[in-house]
Amino acid sequence: MSDVPRPTAVVIGASIGGLLAAAALVEHADVTVIERDTLPAGPAPRRGVPQGRHAHLVWSGGVLAFRELLPGFVEELVERGARLVPIMAEMVSRAPNEVWFRRFTATHHRNLVCSRDLLDGVLRERVLSNPRLTLRQDTTALGLAGEAARVTGVRVRTEGRDGEETLAADLVVDASGRGSRAPRWLGELGLPEVAEREVNAGVAYATRLFRAPAGSLELPFPLVNVQANPAKAPGRGGIILPIEDGRWIVTLSGTRGGEPTGDPAEFTDFALKLGDPVIGELIRDAEPLGEVVTTRSTANRRRYFEKLRAWPDGFVVTGDAVAGYNPVYGHGITVAAQSALALGALTGTDGLARPGTGRRLQRAVTRPVAAAWDLAIGQDVRYPGASDRPPNRAERALAAFVDRAVATGARNPRALGALLDVMSLEKPATRLFSPDMLVPMLFGPKRPFLSQAPLTEEELKSITG
């Protein structure tokens, strides 16, 4: 056995991004996770997750990353009530350009669906049980130790202890989310200001749980999704996700001037007035469980750490601290998982302390951000007031092409596969220019557009009894 001590890493934040980063690093280092709050035991809501009670899913690109990072984790979630949903076979979806997707079965994509509480709870149990990982709860990160060339640790304060202390580390990972103070900390070390961009469509969310109709529990009842149309602002949309314990989580959304409220009496009526009333019709007679919860923490925000001229070794920023997305696109967890994979791969080959590793790590964990960012802002920038920089000619042309790709995918299984490869973050956007998309787009054959939601008679009967 070697007498050489293992490297050390400190991860700031026990978010999904933080726990996944810790899981990636613990193979190569002794890891301490610091968390400012007290974590709940088991699947339960926690502070600091403004979108925690709203609809979540993990695209197939994230499912693949989960399986590589944490073998058996996805299967454990499924055993405890989560569901791997074949897209589009068990999904009924109306696209932003108001076309209904046909329910083709010829794709490999499986999205993970469950409550955020279950996902967080099982992830905490799995990651924090590793004996090489230490959890410091009720501990707040105050700043970085070190200098512009190298970070050597993090200054913290723990509730119930006097003063502050410095946790030395070969690598500090900031996974503290949208409220990250990394730009300020880097400035305190003498590094330049970090460029940022925000695209805020002004989306408000309202979510309510319902007891799933008894008949629907005998089926794999589909996800039902009506997406907002940015060409008809305000954009309004909604989704029904069948989740564990025989429940439906229903999230409604609306942009400026068309926001849903927290009034329970208005919830179903709002759903009935979407571009298609199918969600309202499905929940009209369902039993609500609890009140309506709302959030406006939905802006797309990106910090371009990877573009700084200088970057310190021993420090990485990941997850929502780099980029947060409008949650309607469901990409945040997938990006966090892919970034953690990149972090683990590079630390496994380059180590944690080699000079120049910091910049390489930051660029590696940022790479999965770009695709999700482009997909989100490509839609949201089209809403009035979303950005101080209106779409340029190239962005408008790309948006028009994506609309055409969606329309093609709605009617052709080959094109749908290409579209899902990109939407799931399994493959880059160049996949949309492959023959699988371009041939049916240009030449067909194409089935006609559907005039209504493609729910089967059996599915409809399961709701009405």
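Could you please find all residues in region 203-247 being outside any loop (DSSP other than H, G, I, E, B) and acidic (Asp, Glu)?
Within region 203-247, just GLU218 meets the criteria.
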If you check every pair at least six apart or on different chains, which have Cβ atoms under 6 Å apart with a residue in region 386-414 that is under 22 Å from ALA201 (Cβ atoms) first and a residue that is polar (S, T, N, Q) second? ALA386/ASN200; ASP403/ASN97; VAL406/ASN97
Considering (1) within 20 Å of the chain's Cα centre (by Cα); (2) of a type outside the set (Lys, Arg); (3) closer than 30 Å to PRO390 by Cα, say which one ALA231 fails and leave the rest. (1)
Is there a residue in region 339-352 that is under 21 Å from PHE315 (Cβ atoms) and outside any helix (DSSP H, G or I)? yes
Selection count where residues are out of contact with any His (no Cβ under 9 Å at 6 or more places or on another chain) and open to solvent by less than 20 Å² (accessible area, probe 1.4 Å), scope region 320-334: 7
Is it the case that VAL278 is within 24 Å of the chain's Cα centre (by Cα) and not charged (D, E, K, R)? no
Does region 426-441 include one or more residues that are more than 26 Å from the chain's Cα centre (by Cα), open to solvent by 20 Å² or more (accessible area, probe 1.4 Å) and among the hydrophobic types (A, V, I, L, M, F, W, C)? yes
Give region 302-328 a look and list any residue that's under 14 Å from ALA364 (Cα atoms) and hydroxyl-bearing (Ser, Thr, Tyr), or say none. TYR304, THR318
Taking region 273-290 and keeping residues within 17 Å of LEU223 (Cα to Cα) and of a type in the set (A, V, I, L, M, F, W, C) leaves LEU274, VAL278, ILE279, LEU282, ILE283, ALA286
Filter result (of a type in the set (Val, Ile, Thr) and either touching a Gly at 6+ places or on another chain (Cβ under 8 Å) or modelled with pLDDT of 90 or more (or both)) within region 28-51: VAL31, THR32, VAL33, ILE34, THR38
Kindly indicate the residue of region 127-152 that is free of Cβ contacts under 8 Å to residues at least 60 places away in the same chain and open to solvent by 60 Å² or more (accessible area, probe 1.4 Å) and also nearest to PRO71 (Cα to Cα) among those meeting that condition. SER129
Pair list, Cβ under 7 Å, 6 or more apart: region 210-239 residue over 22 Å from ARG102 (Cα atoms), other residue among the polar types (S, T, N, Q) and surrounded by fewer than 23 Cβ atoms within 10 Å (Cβ to Cβ): PRO213/SER462; GLY215/SER462; GLU218/SER462; GLY235/ASN229
Qualifying residue in region 188-205 (condition: free of Cβ contacts under 8 Å to residues at least 60 places away in the same chain and at negative phi): yes
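Can you tell me how many residues in region 232-274 are of a type in the set (S, T, N, Q), within 17 Å of GLU291 (Cβ to Cβ) and touching a strand residue (DSSP E or B) at 6+ places or on another chain (Cβ under 7 Å)?
Matching residues across region 232-274 total 2.
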Residue by residue through region 386-425, note down the ones that are in contact with a strand residue (DSSP E or B) (Cβ under 6 Å, 6 or more places away or on another chain) and open to solvent by 50 Å² or more (accessible area, probe 1.4 Å). none
Under 7 Å between Cβ atoms, at least 6 apart or on separate chains: pull out the pairs that start in region 436-449 with a residue that is closer than 15 Å to VAL402 by Cβ and end on any residue that is surrounded by 11 or more Cβ atoms within 10 Å (Cβ to Cβ) and among the charged types (D, E, K, R). MET441/ARG404
Exactly one of ARG360, ARG354 is surrounded by fewer than 22 Cβ atoms within 10 Å (Cβ to Cβ) and modelled with pLDDT under 90, and that one is ARG354
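Wholly within region 104-190, which strands (runs of 3 or more DSSP E) include no fewer than the required count, namely at least 1 residues that are under 21 Å from the mean Cα position of the chain (by Cα) and at pLDDT 95 or above?
Qualifying strands (runs of 3 or more DSSP E): 110-113, 171-174.
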Can you work out which of the residues in region 426-435 that are part of a loop (DSSP other than H, G, I, E, B) and free of Cβ contacts under 8 Å to residues at least 24 places away in the same chain is nearest to ARG367 (Cα to Cα)? LYS427
What number of residues in region 153-177 are touching a residue at least 40 places away in the same chain (Cβ under 8 Å) and surrounded by 15 or more Cβ atoms within 10 Å (Cβ to Cβ)? 13
Checklist (1) open to solvent by 10 Å² or more (accessible area, probe 1.4 Å); (2) outside any loop (DSSP other than H, G, I, E, B); (3) of a type outside the set (Ser, Thr, Tyr); (4) touching a helix residue (DSSP H, G or I) at 6+ places or on another chain (Cβ under 7 Å) applied to GLU198, failing item: (4)
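The values are calculated or read from the model by the stated rules, or taken from the named source; none is laboratory data. All figures in this text were calculated on a predicted structure; none of them were measured in a lab. In this analysis, Cβ positions are derived from the backbone assuming ideal geometry, glycine residues included, and neighbour counts consider all displayed protein chains. What goes into the accessible areas is simple: the full protein's heavy atoms, side chains included, and nothing from ligands, DNA or RNA. Shrake-Rupley method; radii C 1.70, N 1.55, O 1.52, S 1.80 Å.
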